[in-house]
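A short reminder: the numbers here are calculations on the coordinates, not readings from a lab. Because the structure is predicted, anything quoted here is derived from the model rather than measured. With ideal geometry, Cβ positions are generated from the backbone for all residues, glycine too; neighbour counts draw on all protein chains shown.
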Amino acid sequence: MSAGPIARRAPALDVDALIDDPATEIVVCCGSGGVGKTTTAAALGLRAAESGRRVVVLTIDPARRLAQSLGLTELDNTPLPVTDIDTSRGGSLHAMMLDMKRTFDEVVIAHAEPDKAEQILANPFYQAVSSSFAGTQEYMAMEKLGQLKATAGTADAPWDLIVVDTPPSRSALDFLDAPNRLGSFLDGRFIRLLAAPAKAGGRAGLKVFGVGVHLMTSTMAKILGGQMLTDVQTFVNALDTMFGGFRERADETYRLLSEKGTAFLVVAAPERDALREASYFVERLEADGMPLAGLVVNRIGRVSATGITPSRALAAAESLEDGGGPKSATNAAGLLRLHATLVRTAERQRELAERFSRSHPGIPVVQVPALGRDVHDLDGLRQVGSALAGS
Amino acid sequence: MTTGRIDPTWARARLHVVTGKGGTGKTTVASALALALASAPAHVLLSEVEGRQGISQTFDVPPLGTDETRIVRLPGGGEVVGLSVEPKAALLEYLQLFYKLGRAGRLLEKFGAIDFATTIAPGVRDVLLIGKIYEANRRRRDGRHKGDAAPAYDALVLDAPPTGRIGRFLSVNAEVADLARVGPIHSQAEAITRLLKSGQTVVHLVTLLEDMPVQETLESIDELHAKGLHPGAIVVNMVREPLLDDTALDQARQGRLHKPSLRTQLAEVGVKVTPELVAGLLDEARDHAQRVDLEREQLALLEATGLPIVQLPALPGGVDSGSVRELADLLLPLFAPEATDRVDA
């Protein structure tokens with residue numbers, strides 16, 4: 001392969017160096033759905049813990065078996081210690097699954113006056129937003145990350161490394177926008193209008209908004225219906241008191257993520273679509289100046305046999321089949337065809353990964369071979385961990 | 001290859017929602033399905049809602065915008081029209097269409113209400129995205145939403161959010177109807193919910209024969225049933241046929257494939273036989289046998305649902321605008337049995 005100054009080979013991503021470095025305090029795994037993101041996060045967490053780090057893994061909606069492998073049987077929203085790990089190097093492992101509604105409730109309870117909190121929790125609009133609407137997950141994942149970081153190092157929260165899995169969608173990076181969105185929302189006229197329509201329509205409001213205000217609120221009432229508008233107003237009004245805190249914490253978490261102690265890992269599968277999404281993530285992170293550690297390409301096809309090219313194997317298989325030999329000839333032909341398929345698949349996958357590296361030179365990459373079965377216990381996670389570390 | 005009973009209510013289905021775990025090839029299957037339906041011949045709208053431009057990449061056409069754009073015309077007269085639904089455009093169009101807002105619409109924009117609705121207020125996005133599909137479903141050839149003119153589209157295919165989010169995505173209107181107990185939003189949300197729960201809408205699930213995608217598919221089917229939605233077909237994507245027969249697979253699994261005769265056969269056709277080659281081939285055969293076992297277990301789990309199952313082969317070179325037509329032909333028996341011409345003509 002020609003190695004010019006433009007088309008360089010991707011540097012190798014050294015996962016062990018990353019997790020062994022005490023300066024690494026947060027690792028964020030992001031990528032599109034179905035690429036093994038949660039498994040990667042869990043395997044990294046376990047590997048770091050067994051090499052001496054005190055780790056907490058925050059997972060979002062993990063597959064049931066993977067959750068079981070970490071001893072998580074239900075949404076709990078607080079980290080639980082994972083037993084049966086090797087603690088001889090002084091490490092520990094906690095794991096938790098995010099419960100977005102409970103996280104939201106806790107924020108409300110912690111930051112609003114008790115009577116106001118009750119009002120918010122009972123508001124139908126709040127109940128819908130906090131439990132079932134898409135988008136909440138991203139905000140709450142970041143809220144939880146902030147909490148885990150804030151308590152880190154205390155007796156109940158002994159961790160010095162937080163490994164975070166992100167929600168399985170492109171909006172996984174929406175949390176990067178959260179501070180800005182909240183900011184523009186809070187400073188915007190719309191929330192003031194919603195939060196205090198009477199006041200805005202009064203003397204002070206008239207000066208700012210002019211006659212548009214009346215038309216505006218009547219339009220809103222027309223579209224939403226009077227009762228829903230009231231619900232929304234109650235909700236926004238009640239949240240208003242705690243929004244300041246929300247924004248501060250969102251800013252704080254954003255700062256935390258852009259600092260040196262954070263490492264973003266983009267996870268992909270060796271498929272065109274997944275790598276295209278990985279490009280999107282990488283570009284987005286770079287645009288925001290987020291510390292990108294590298295790309296993990298999971299599930300590269302495994303090839304065991306050496307010493308025969310795919311085309312030679314196929315030609316030999318054909319000769320065997322043409323020969324009309326015994327059963328062993330058919331079997332040998334099958335094995336040769338299988339080998340040719342495996343080599344070609346792995347070649348195509350590596351080519352796709354290299355194409356990514358050509359358009360994003362300098363980003364460290366690790367290619368992780370596929371495992372036979374899905375991971376459902378700690379041993380499986382250990383195997384993934386050592387594959388990630390390239391051993 | 002198709003197995004399972006075909007639900008007769010499909011004859012009435014107009015809206016085909018395609019979901020699946022990430023990485024299973026949802027967009028490819030949605031694209032192939034749109035082609036298959038178009039071959040009836042029919043006018044088919046193929047929409048995506050996550051702004052990923054997956055459709056334009058599959059068909060190798062310029063990126064789709066918020067205008068409906070024809071992407072394929074079939075020789076028999078059928079066509080596929082593509083659309084990337086974007087919430088802000090959908091909201092403005094909606095307000096104009098149903099409220100004729102004029103100045104007030106611009107005010108909403110000016111006060112940040114549009115941004116609030118489309119980016120900050122969670123859930124509203126989903127309402128708007130489905131709302132646009134609902135509108136396209138009702139539209140007539142003459143552009144109106146009532147009257148006797150033929151429908152603008154004979155069928156609609158939606159490349160929907162992944163299985164993890166599909167239940168929520170499709171039931172968001174039911175929640176909205178609860179929140180807004182009266183008024184235009186309430187009636188609109190109710191009407192959309194009625195469409196989604198009627199026999200006009202079926203939800204197809206794309207999966208691979210792997211543990212996690214199958215698990216999610218099964219959970220999703222339960223969720224859809226519980227929410228009164230109709231699961232359609234299970235599309236098993238990227239299926240690879242075993243390269244060894246059952247006896248050989250059995251021997252490979254147990255490491256009992258006969259080494260000496262393998263060596264003899266390889267030498268017979270001039271392959272340079274080394275111990276590494278033989279050991280490697282046997283390891284590969286064992287992995288293959290284990291994979292085949294796993295796939296058969298997963299297929300049995302899917303068959304137990306009683307839903308029709310379509311299996312699509314793995315395409316060795318990946319998917320392009322040509323191979324998606326090959327997949328479409330495989331979907332014809334299930335989705336367009338009366339189709340006059342093959343898509344891949």
- Task: Tally the DSSP beta bridges in the protein assembly as shown and give the antiparallel ones as a percent, rounded to 5.
- Result: 15 percent
- Query: Based on the alpha-carbon gyration tensor of the stretch A:242-354, what equivalent-ellipsoid semi-axes (square roots of 5 times the eigenvalues) come out, in whole Å, largest first?
  - Reply: 51, 12, 10
- Message: Calculate the FRET efficiency for A:Thr230 and A:Asp14 from the Cβ-Cβ distance with a Förster distance of 60 Å, rounded to the nearest 0.05.
- Response: 0.55
- Query: Average partner chain C-beta neighbours within 10 Å, per residue of A:308-319?
  - Reply: 3
- Ordering of A:280-289, B:260-269, B:232-241 by burial proxy (mean other Cβ atoms within 10 Å per residue, highest first): B:232-241, B:260-269, A:280-289
- Expected sort for A:264-270, B:320-326 on mean C-beta neighbours within 10 Å, highest first, is A:264-270, B:320-326
- Item | Centroid-to-centroid separation of the stretch A:297-351 and the stretch B:269-329 [C-alpha atoms, Å] | 13 Å
- Message: I need the trypsin sites (Lys or Arg not before Pro) found in the stretch A:84-165, filtered to DSSP loop residues with at most 14 other beta carbons within 10 Å of theirs.
- Response: A:Arg89
- What net charge do the residues around A:Arg350 carry, taking every other residue with its C-beta under 14 Å from that of A:Arg350, with Lys and Arg at +1 and Asp and Glu at -1? +4
- Item | Most to least packed among A:345-352, B:54-61 [average Cβ atoms within 10 Å] | B:54-61, A:345-352
- the protein assembly as shown: radius of gyration over Cα atoms, expressed as a fraction of 2.2 N^0.38 Å: 1.03
- Query: Computed from the mean reciprocal separation of all distinct C-alpha pairs, what Kirkwood hydrodynamic radius does the stretch A:35-92 have, in Å?
  - Reply: 11.7 Å
- Note on the structure: Listed with the fewest Cβ neighbours within 10 Å leading, B:Tyr94, B:Tyr99 appear as B:Tyr99, B:Tyr94
- Task: Amide H neighbours of A:Arg299 under 5 Å, at least 5 residues apart or on other chains, H built in the peptide plane: list them.
- Result: A:Val368, A:Ala370
- Expected integer from the mean partner chain Cβ neighbour count at 10 Å over B:208-216 is 4
- Message: How far apart, in nanometres, would the label points at A:Ser218 and B:Lys197 be if each is projected 7 angstrom from Cα along the Cα-to-Cβ direction?
- Response: 3.6 nm
- Using only the Cα atoms of the stretch B:7-57, construct the convex hull and provide its projected area averaged over every direction, in square nanometres to one decimal. 4.3 nm²
- To the nearest whole percent, what portion of all C-alpha pairs in the stretch A:59-133 is separated by more than 15 angstrom? 63 percent
- Task: Would you work out the relative contact order for the stretch A:14-88, in percent, from Cα pairs under 8 angstrom that are 6 or more residues apart?
- Result: 27 percent
- Query: Hey, got the average number of other protein chain Cβ atoms within 10 angstrom for residues in B:177-187?
  - Reply: 5
- Alpha carbon convex hull of chain B, projected area averaged over orientations, nm²: 21.7 nm²
- Note on the structure: Per the 1/(1 + (r/R0)^6) rule, R0 = 56 Å and r from the Cβ atoms of A:Thr151 and B:Thr274, FRET efficiency to 0.05 is 0.45
